[in-house]
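Visitor: Once you've had a glance at the structure underneath, I'll fire off some questions.
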Amino acid sequence: DDQEDITSFALSCDDELLVTASRALLLKQWDWRQASCTRSWKAIHTIPVASMTFDSTSTLLATGGCDATIKVWDVVKQYCTHNLKGSSGVVHLVQFHPDISRLQLFSSSLDCGIRLWDLRSSQCVCLLQSHYSAVTSLSFSGDGGTMISSGRDKICTVWDLKSHQATRTVPVYEAVEGVVLLPEKTDLSQIGVKSKNLHFVTAGSKGVLRVWEASTARCVYTQTLPSTLTPSSEEDEEEDNPRSVTYLFHLPASSRLATVTAEHNILFYQLPSLTTHQQFVGYSDEVLDVKFLGKEDSHIVVATNSCQLKVFQLLTNSCQILYGHTDTVLTLDVFKKGSLFASCAKDRSVCVWQMDSDSGEVRCVAQGSSHTNAVGSISCSRMKASFVVTGSQDCTVKVWDLPAEFPGAEIHQLSPRTTEKAHDKDVNSVAVSPNDKLLASGSQDRTAKLWSLTGDGNLGLLGVFRGHRRGIWSVCFSPVDQVLASSSADGTTKLWSLQDFSCLKTFEGHDASVLKVIFASRGTQLLTSGSDGLVKLWTIKTNECVKTLDAHQDKVWGLHASRKDDKMVTGSADSNISVWV
């Protein structure tokens, strides 16, 4: 309510108290179930709080400041119990020893050392030095005698807390953001734990969970991820890997690990096997396309401003994140039965994905790349799943044949049956006719073209639709009539005759580019979406707009009707996805 950025927060171990710290140097205690602030007090730090943590009894709260001090608060009696000075620079990590009878607090700051504070004497009793870069997390053994620290210097250190000495330094070959000591006396043989020695899990810049044996510094298990089609180089991986993990924590009550990725996704893994249990997508960014998917249109597949696709189950909002492209996915199309779909991206490639009708799991089954520039449009064959057509910024249209089925786990490599230089500028849209015999393409060069998809594999130009004053964003065949619809940056939508290529009707009403057009109500109506954030429903017979939805705050790139024609989904540059009845 003070509109100030929150710089740090902590939840008490009993789940009762949430405390936040803001740039206004206020600490606030919340009843988070009611979303109400129950009290606030001055942090006494001179500049913002960078880290905070509760002790295991949920009575003490430690705050680490950017002012190099640490304060300890009794949240029950509501006063500051300690003011610990002596750190160097920002205190970015504070953690109590889990055994509260020891009254010990650990902290780390800019000098990369780990300070151990005795809360009885308010003194720093020792400085544990081993890391050369920021210390990112600490984890304690069940008996409290051993601690493991992780750092961005690509090492984890095992500490004996009796002698305050490092007993082992484990090189883990990635910047580590989180380390968790695995529970002892649990059968974890599925993830390589074969001895009673201490084992720990690391997560960091590579985006995979790995299990290490502390005594031997051996990696005993590496999580396998869904295959990315083109392995990125090591440097790439470190620098800006969207999968890289920024946070790792253990949920002992449910035997799960949770990770947060650089792309704001939260993933839960179930022990003892570390299988993916649940995924939450925290932030969608610009939505570039969205389509219904699955039996009864139970899911939607979304292309956001990212190289991953996201498949949401509409009923539960649970999500699968699909890896395959290496650059922003631009658009999607779904085959008739709803379990197979295709995507194309800035990485010049096309991918075909299959959803398992029972489990709902989606995997990449085919991939091809032969365009020389970003692939911005795709259309699937309509009768049966036999081919896809792509249009690219390289001004060409390609037809790709699919195999009859996709057996095994191998990813089928697609190669184009035919390539046609279709336009003088970017091909923004392609559409296959309901009988699979015709293809339409729309381009930045202000024209749309009609092609025959003949059996011998070649495209034959049948005619050109001229009349738009700016580039064409979208083309779509009528499901019932010999008619093509096109929408353009000139703010109009036009209907064209497939017989003589003449313009039959023009629909005007958007104040800006019309980005998508689709037929609805069995071909008697049109739906259009624009960069004005509006979605309009038009009756073709009367040429009038019968409904205007103020759907979004920004460009509406995604517009798709369900197969039953009873609902539609929209996706926008404002990051929102809406399902409409």
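The values are calculated or read from the model by the stated rules, or taken from the named source; none is laboratory data. Note that the coordinates shown come from a computational prediction; the quantities given were computed from them, not determined experimentally. In this analysis, Cβ positions are derived from the backbone assuming ideal geometry, glycine residues included, and neighbour counts consider all displayed protein chains. These accessible areas exclude ligands, DNA and RNA; they are computed on the full protein's heavy atoms, side chains included. Shrake-Rupley method; radii C 1.70, N 1.55, O 1.52, S 1.80 Å.
Visitor: Report the accessible area of LYS494, computed with a 1.4 Å probe over the heavy atoms of all protein chains in place, in Å² rounded to the nearest 10.
Guide: 30
Visitor: Based on DSSP, what percent of beta bridges with both residues in the range 338-486 are antiparallel, to the nearest 5?
Guide: On the way: 46 of 48 bridges.
Percentage antiparallel, nearest 5: 95.
Visitor: Here's another thing I want to ask about it. Test of understanding: extend the Cα→C-beta vector of ASP285 to 7 Å, then name every residue of the range 561-581 with backbone N under 18 Å from that spot.
Guide: Residues passing the 18 Å test: 571-577.
Visitor: Have a look at the range 287-382 and give its Rg and Dmax from the Cα atoms, expressed in angstrom.
Guide: Cα-based Rg and Dmax for the range 287-382 come out at 12.3, 40 Å.
Visitor: To the nearest 20 Debye, how big is the dipole of the range 31-112 about its Cα centre, given +1 on the beta carbon of each Lys and Arg and -1 on that of each Asp and Glu? Write down the numbers at each step before the final one.
Guide: Numbers: 7 positive and 6 negative charges, 46 e Å.
Dipole of the range 31-112, to the nearest 20 debye: 220 debye.
Visitor: When the distances between all Cα atoms of the range 379-431 are binned every 10 Å from zero, what whole-number percent does each bin get?
Guide: It works out to 25, 45, 25, 6, 0, in whole percents.
Visitor: Counting only protein heavy atoms, what percent of the accessible surface of the range 383-434 is carbon or sulfur at a 1.4 Å probe?
Guide: Numbers: 1190 of 2450 Å².
Carbon-and-sulfur percentage of accessible area, whole number: 49.
Visitor: Would you please report the Å³ per residue occupied by the convex hull of the alpha carbon atoms in the range 356-469? Please list the in-between numbers first.
Guide: Values: hull volume 13.7 nm³, N = 114.
Spread over its residues, the Cα hull of the range 356-469 gives 120 Å³ apiece.
Visitor: Tell me, what ³J(HN,Hα) does each residue in the range 437-449 have, in order and in whole Hz, if you take phi through Karplus 6.51 cos²θ - 1.76 cosθ + 1.60 with θ = phi - 60° and put x for Gly and Pro?
Guide: Result, rounded to whole Hz: 9, 10, 9, 10, 10, x, 9, 4, 7, 6, 10, 10, 10.
Visitor: Could you state the principal axis extents of the C-alpha atoms in the range 1-86, from the largest down, to the nearest angstrom?
Guide: For the range 1-86, the Cα extents along the three principal axes come out at 38, 31, 18 Å.
Visitor: Restricting things to alpha carbons, find the Rg to Rh ratio for the range 423-556 using the Kirkwood radius for Rh. Before the final figure, lay out the partial values.
Guide: Numbers: Rg = 14.2 Å, Rh = 14.7 Å.
Across the range 423-556, the Cα-based Rg/Rh ratio is 0.96.
Visitor: Sorted by accessible area with a 1.4 angstrom probe, largest first, how do SER150, SER40 fall?
Guide: Details: SER150 0, SER40 65 Å².
My answer, sorted largest first, is SER40, SER150.
Visitor: Something else about it: Heads up, I need the accessible area for LYS154: 1.4 angstrom probe, whole protein in place, Å², nearest 10.
Guide: Result for LYS154: roughly 80 Å² accessible.
Visitor: Considering every pair of different Cα atoms, what Kirkwood radius, in Å, is found for the range 341-416?
Guide: Values: mean 1/r = 0.0786 Å⁻¹.
Answer for the range 341-416: a Kirkwood hydrodynamic radius of 12.7 Å.
Visitor: With the convex hull built on the Cα atoms of the range 43-167, state its orientation-averaged projected area in nm². Write down the numbers at each step before the final one.
Guide: Numbers: hull surface 28.4 nm².
Spelled out: convex hull of the Cα atoms, projected over all directions, averaged, 7.1 nm².
Visitor: Roughly what percent of Cα-Cα pairs across the chain reach past 39 Å? List each step's numbers first, then the result.
Guide: Values: 70014 of 168490 pairs.
The answer is 42 percent, as a whole percent.
Visitor: Tell me, in nm to one decimal, what length is gained between ASN373 and ALA253 on full extension, where the rule is 0.36 nm per residue of separation less the Cα-Cα distance? Please report the intermediate quantities before stating the final value.
Guide: On the way: separation 120, 0.36 × 120 = 43.20 nm, distance 5.01 nm.
Taking 0.36 nm per residue and subtracting the Cα distance, the gain is 38.2 nm.
Visitor: Applying the Karplus parametrisation 6.51 cos²θ - 1.76 cosθ + 1.60 with θ = phi - 60° to the phi angles of the range 482-495, what ³J(HN,Hα) value in whole Hz is obtained for each residue in order, glycine and proline being reported as x?
Guide: 7, 9, 10, 9, 9, 10, 9, 5, 7, x, 10, 10, 10, 10
Visitor: Report, to the nearest whole %, how much of the accessible area of the range 60-204 belongs to carbon and sulfur atoms, 1.4 Å probe, protein only. Intermediate results must be reported in sequence, preceding the final value.
Guide: Working: 3000 of 6070 Å².
Whole-percent figure for carbon plus sulfur exposure: 49.
Visitor: Quick one: which of 466-472, 312-318 comes out on top by average Cβ neighbours within 10 Å, and what's the full order, highest first? Walk me through the intermediate numbers first.
Guide: Values: 466-472: 17.7, 312-318: 13.1.
Sorting 466-472, 312-318 by mean packing, highest first, produces 466-472, 312-318.
Visitor: Ordering TYR269, TYR132 by how much accessible area each has at a 1.4 Å probe, largest first, what is the list? Spell out each step's value before the answer.
Guide: On the way: TYR269 15, TYR132 195 Å².
Solvent-accessible surface, decreasing: TYR132, TYR269.
Visitor: Once the whole set of protein chains is in place, how much accessible area is left on VAL475, using a 1.4 Å probe, in Å² to the nearest 10?
Guide: 10
Visitor: Rank by packing, highest mean first: peptides 286-293, 366-373, with packing defined as the count of other Cβ atoms within 10 Å averaged across residues. Walk me through the numbers on the way to the answer.
Guide: Working: 286-293: 23.6, 366-373: 18.4.
In decreasing order of mean packing, 286-293, 366-373 become 286-293, 366-373.
Visitor: Which ³J(HN,Hα) values, rounded to whole Hz and listed in residue order, are derived for the range 87-92 from phi using the Karplus coefficients 6.51, -1.76 and 1.60 in 6.51 cos²θ - 1.76 cosθ + 1.60 with θ = phi - 60°, glycine and proline given as x?
Guide: Result, rounded to whole Hz: 6, 10, x, 4, 8, 8.
Visitor: For the pair THR81 and ASN458, how long in nm is the line joining their label points, each one 7 Å along Cα→Cβ?
Guide: Roughly 8.5 nm, to one decimal.
Visitor: If you take the C-alpha gyration tensor of the range 36-111, multiply each eigenvalue by 5 and take the square root, what semi-axes do you get, largest first, in whole Å? Walk me through the intermediate numbers first.
Guide: Values: eigenvalues 72, 56, 19 Å².
Over the Cα atoms of the range 36-111, the ellipsoid semi-axes are 19, 17, 10 Å.
Visitor: Now for a separate question. Cα-Cα pairs above 17 Å in the range 112-172: how many percent?
Guide: Numbers: 690 of 1830 pairs.
More than 17 Å apart: 38 percent of the Cα pairs in the range 112-172.
Visitor: Rounded to the nearest 0.05, what FRET efficiency is calculated for ASP74 and ASP143 with R0 set to 30 Å and r the Cβ-Cβ distance?
Guide: Details: r = 27 Å, r/R0 = 0.91.
With a Förster radius of 30 Å, E is 0.65.
Visitor: Please list the non-local residues whose amide H lies under 5 Å from the amide H of SER244, H modeled 1.01 Å from N, same-chain partners needing a gap of 5 or more.
Guide: Hits under the 5 Å cutoff: ALA262.
Visitor: Take every Cα pair under 8 Å in the range 381-427 that's 6+ residues apart, average their separations, divide by the length, and report that relative contact order as a whole percent.
Guide: Details: 73 pairs, mean separation 19.4, N = 47.
About 41 percent, as a whole number.
Visitor: Something else now. Just to confirm, what accessible area per residue do you get for the chain at 1.4 Å probe, in whole Å²?
Guide: Details: 25670 Å² over 581 residues.
For the chain, the solvent-accessible area averages 44 Å² per residue.
Visitor: Follow-up question, since we're still on this one. Hey, if we sort ARG446, ARG363 by accessible area with the 1.4 Å probe, largest down, what's the order? List each step's numbers first, then the result.
Guide: Working: ARG446 120, ARG363 85 Å².
I get ARG446, ARG363, largest accessible area first.
Visitor: Per 5 Å bin, what percent of the C-alpha pairs of the range 510-551 does each bin hold, from zero upward?
Guide: Calculated over all Cα pairs of the range 510-551, the distribution is 6, 26, 32, 24, 11, 1 percent.
Visitor: Let me ask something else about it. What three numbers, in Å, describe the spread of the alpha carbons of the range 140-196 along their principal axes, ordered from the longest?
Guide: Cα spread of the range 140-196 along its principal axes, largest to smallest: 31, 29, 16 Å.
Visitor: Considering just Cα atoms, how many Å³ per residue does the convex hull of the range 95-199 enclose?
Guide: Working: hull volume 10.7 nm³, N = 105.
With only Cα atoms used, the range 95-199 gives 102 Å³ per residue.
Visitor: How fast does the range 93-133 diffuse by Stokes-Einstein, in µm²/s, taking the Kirkwood radius from C-alpha pairs at 25 °C and 0.890 mPa s? Can you show the working numbers first?
Guide: Numbers: Rh = 10.5 Å.
In µm²/s, the coefficient rounds to 233.
Visitor: With bins 5 Å wide starting at 0, give me the P(r) of the range 425-474 over every alpha carbon pair, in whole percents.
Guide: 5, 24, 27, 24, 13, 6, 1
Visitor: What residues have an amide H closer than 5 Å to that of THR492, excluding those fewer than 5 places away on the same chain, when H is modeled at 1.01 Å from N in the peptide plane?
Guide: The list, which skips near neighbours in sequence, is VAL514.
Visitor: Just subtract the alpha-carbon distance of LEU127 and GLN553 from 0.36 nm times their residue separation and send over the number in nm, one decimal. Numbers along the way, then the final one.
Guide: Working: separation 426, 0.36 × 426 = 153.36 nm, distance 5.29 nm.
Between LEU127 and GLN553, full extension yields 148.1 nm more.
Visitor: Now, a different point. Treat each spin label as a single point 7 Å out from the Cα along the C-beta direction, and report the SER163 to ASP99 distance in nm.
Guide: 1.8
Visitor: Suppose the chain between LEU11 and LYS196 were pulled fully straight at 0.36 nm per residue; how much longer would it get relative to their current alpha carbon spacing? It would help to have the intermediate numbers written out before the result.
Guide: Working: separation 185, 0.36 × 185 = 66.60 nm, distance 3.23 nm.
My answer for the length gained is 63.4 nm.
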